[in-house]
Amino acid sequence: MRLQPYIANRDFNYVAKWIDNERDHALWCANNFPYPLMWESFHDSLKDIMERWIANAFVATDDCGNSIGFFNYSVNTGSNEGFLASVIVDDKLRDKGYGREMIQLALRYAFEITGVELVELNVFNENTKAKRCYESIGFVERRVERDIFKYKDELWSRCNMAISKQ
């Protein structure tokens with residue numbers, strides 16, 4: 001597996017296929033990207049996120065160069081902390097260790113290349129598989145904001161998790 005910068009013409013068609021229902025889409029991105037993913041609206045939203053948070057989009061690729069995962073990463077230079085967002089793996093590859101490997105590579109990048117001391121992320125408590133994946137890597141829960149995101153008739157809680165440089 002490799003990490004590469006997200007390149008729209010190369011990667012969008014992969015990412016757009018990984019979510020096939022509205023609930024999973026909301027769990028993934030808190031509706032920061034419109035559902036379903038469409039070229040223009042996704043890239044408009046991504047551009048806004050990148051400018052607002054000084055974030056960069058990355059993909060994880062397999063040995064053939066096919067995109068199999070996606071995430072955004074930003075650095076807060078004031079606090080020397082990194083932030084991972086919009087983390088997703090191809091739905092056909094979930095529960096096989098690819099998400100864990102991608103996050104471990106992202107952490108190497110964060111700690112060794114960008115030099116941060118801590119990396120954090122947010123995950124909905126209702127996204128139990130993702131939360132378990134992060135915990136297995138060493139992320140720990142810092143705080144939970146209860147019932148802050150409304151999805152149809154559900155209220156979801158957002159968990160902030162972090163891992164420090166070892």
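Where a number appears in this text, it was derived from the coordinates with a stated rule and is not lab data. The model shown is predicted, which means the values in this text are computed figures rather than measured ones. Cβ coordinates were reconstructed from backbone atoms using ideal geometry, including for glycine residues, and neighbour counts include every protein chain displayed.
In plain terms, the residue of PHE71, PHE111 with the fewest other Cβ atoms within 10 Å comes first and the most crowded comes last, giving PHE111, PHE71. Dipole orientation for the stretch 4-61: of the candidates ILE49, ILE19, TYR6, TYR6 has the Cα lying most toward the positive pole (charges on Cβ; Lys, Arg +1; Asp, Glu -1). Using just its DSSP H runs of length 4 or more, each adding -39500 (n - 2.57), the chain gives a mean residue ellipticity at 222 nm of -9500 deg cm²/dmol after division by all residues.
Taking label positions 7 Å along the Cα-Cβ direction at both GLU40 and VAL140, the computed distance is 4.8 nm, reported to one decimal. From most to least packed by mean Cβ count within 10 Å, the peptides 123-133, 1-11 give 123-133, 1-11. Restricting attention to the chain, the count of lysine pairs at 8 or more positions apart or across chains with alpha carbons under 17 Å apart stands at 4. Taking ASN56, ASN122, ASN76 as the candidate residues, the one with maximal mean-square fluctuation in a Gaussian network model of the chain, Cα springs under 10 Å, is ASN76. Place a label point 7 angstrom from the Cα of TYR151 along the Cα-to-Cβ direction, then list the residues of the stretch 14-34 whose backbone nitrogen is under 20 Å away. Zone members listed by number: 15-34.
Counting neighbouring beta carbons within 10 Å and listing from fewest to most, the residues LEU155, LEU121 come out as LEU155, LEU121. Report the calculated FRET efficiency for ASN13 and ARG94 (r = Cβ-Cβ distance, R0 = 22 Å), to the nearest 0.05. According to the calculation, E is roughly 0.70.
Taking other C-beta atoms within 10 Å as the exposure proxy, ASP95, ASP44 rank ASP95, ASP44 from fewest upward.
The magnitude of the dipole of the stretch 2-121, with charges of +1 and -1 set on the Cβ of Lys/Arg and Asp/Glu and taken from the Cα centre, is near 160 debye.
Dipole orientation for the stretch 2-121: of the candidates PHE58, LEU93, ALA106, LEU93 has the Cα lying most toward the positive pole (charges on Cβ; Lys, Arg +1; Asp, Glu -1). The Rg/Rh ratio of the stretch 13-154, with both radii computed over alpha carbons and Rh defined as the Kirkwood radius, is 0.93.
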